[in-house]
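The values are calculated or read from the model by the stated rules, or taken from the named source; none is laboratory data. Not measured: the values here are computed from a predicted model. Cβ coordinates were reconstructed from backbone atoms using ideal geometry, including for glycine residues, and neighbour counts include every protein chain displayed. Heavy atoms of the whole protein, side chains included, go into the accessibility calculation; ligands, DNA and RNA do not. Shrake-Rupley method; radii C 1.70, N 1.55, O 1.52, S 1.80 Å.
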Amino acid sequence: MQEKDRIRHDASAMKTVLLIGIGAGHPDQVTLQAIQAIQRTDVFFVLEKAGAGKDTLTAARHAILGAARPDAGYRLATAVSPERRIDDGAYQASIDGWRGARTAVLAELIETGMRDGETAGILVWGDPCLYDGTIQSLHELIAAGADLAFEVVPGISSVQALTAAHRVVLNRVGEAIAITTARQLARLNAADITNMVVMLDGRAAFTRFSDSDLEIYWGAYLGTADEILVAGPLRDRADEIAQMIDEARTRHGWIMDTYLLRRG
Ligand SMILES: C[S@@+](CC[C@H](N)C(=O)[O-])C[C@H]1O[C@@H](n2cnc3c(N)ncnc32)[C@H](O)[C@@H]1O
């Protein structure tokens, strides 16, 4: 047997996990590559999250499966995703603990939910390479000895959904772009910002820059029927957007928003 064939033979006995980016909310953002990955999956791992919004996100995933696999010739293996409880006093330790628990849940699904030679799929919101811990979990499992291969299918991230919805380019000529979280934003000054995308907020962290010359391009529930977009000078828009966030959270019970802050 040639070396090439031997590798192929060994690989066929291996378990393979596909991390499939499914876009940030609009079903048409599912790429042809994602559909092909969905079509070669034997079992989908569903990590059910507790809390508001989970039904919407779960329904979106089932709708994608229904459209890409009308044959329904796949299995579902479901587990409860550990709750993300953040202790501000011990932030890193609580994140590490939560990630470790999530990795253990994945390990259990891989162990009990699939056979050697099978392919499992995980439908990851947006792009698996942006603020998602699944890639790291799989690297850790392989480093710990799991006989596992995995592939990543890129998805349209909420950053791309935001800039397309506002019809803006992420950078201006020769300028840097940063992507960060609301938690990090709280430590910055307006002068630190050139083009900065902020994720994982939902609490209007931008209001502390209301008297700066920054511009904001804000979007909530991007790509969905509930999408809201607001853009303009932050000093004129900050209060209005903060109020929209409160109202939207009351109306839907949850919110996901992303925004670009740009030096004016
Ligand atoms: C855990 S991160 C996941 C990011 C995802 N992997 C991506 O590529 O967009 C969750 C954050 O993504 C952003 N997000 C995801 N989907 C969104 C949407 N449809 N509209 C607005 N923001 C969204 C929000 O900032 C939310 O807090």
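When the helices of the chain are scored as -39500 (n - 2.57) per DSSP H run of n ≥ 4 and the total is divided over every residue, the value at 222 nm lands at -11500 deg cm²/dmol.
Counting heavy atoms of the protein chains only and a 1.4 Å probe, report the per residue accessible area for the range 159-263 as a whole number of Å².
Working: 5190 Å² over 105 residues.
Ligands and nucleic acids excluded, the result is 49 Å² per residue.
Around the amide H of Gly133, modelled in the peptide plane, lies no amide H under 5 Å away from a residue 5 or more places distant or on another chain. For the range 3-156, the gyration tensor built on C-alpha atoms gives an oblate shape. Its axis ratio a/c (a ≥ b ≥ c) is at least 1.5, and a/b is not larger than b/c.
Where Lys and Arg each count +1 and Asp and Glu each count -1, what net charge lies around Ala225 among other residues with Cβ under 14 Å from its Cβ? Taking every other residue near Ala225 into account, the sum is -2.
Counting only protein heavy atoms and a 1.4 Å probe, the range 3-156 has 53 square angstrom of accessible area per residue. Measuring between their Cα centroids, the range 104-134 and the range 202-229 lie 32 Å from each other. Beta-bridge orientation, the chain: approximately 45 percent antiparallel, per DSSP, counting only bridges with both partners inside.
Between Gly121, His139, Ala176, the Cα set farthest toward the positive side of the dipole of the range 86-242 (charges on each charged residue's Cβ, about the Cα centre) is that of Ala176. If you roll a 1.4 angstrom probe over the protein chains with everything in place, what fraction of the accessible area of the range 159-263 belongs to carbon and sulfur, to the nearest %? C and S fraction of accessible area: 48 percent.
Highest average first, the peptides 119-131, 200-212, 248-260 ordered by how many other beta carbon atoms sit within 10 Å of their residues are 119-131, 248-260, 200-212.
Set the Förster radius R0 to 22 Å, insert the Cβ-Cβ distance between His252 and Gln136 as r into 1/(1 + (r/R0)^6), and round the FRET efficiency to 0.05. Could you put the intermediate results ahead of the total?
Details: r = 30 Å, r/R0 = 1.35.
My answer for the efficiency is 0.15.
Modelled spin labels at Thr112 and Asp147, positioned 7 Å past Cα toward Cβ, are 2.1 nm from each other. The fraction of accessible area contributed by carbon and sulfur in the range 31-115 is 52 percent, rounded to a whole number (1.4 Å probe; ligands and nucleic acids excluded).
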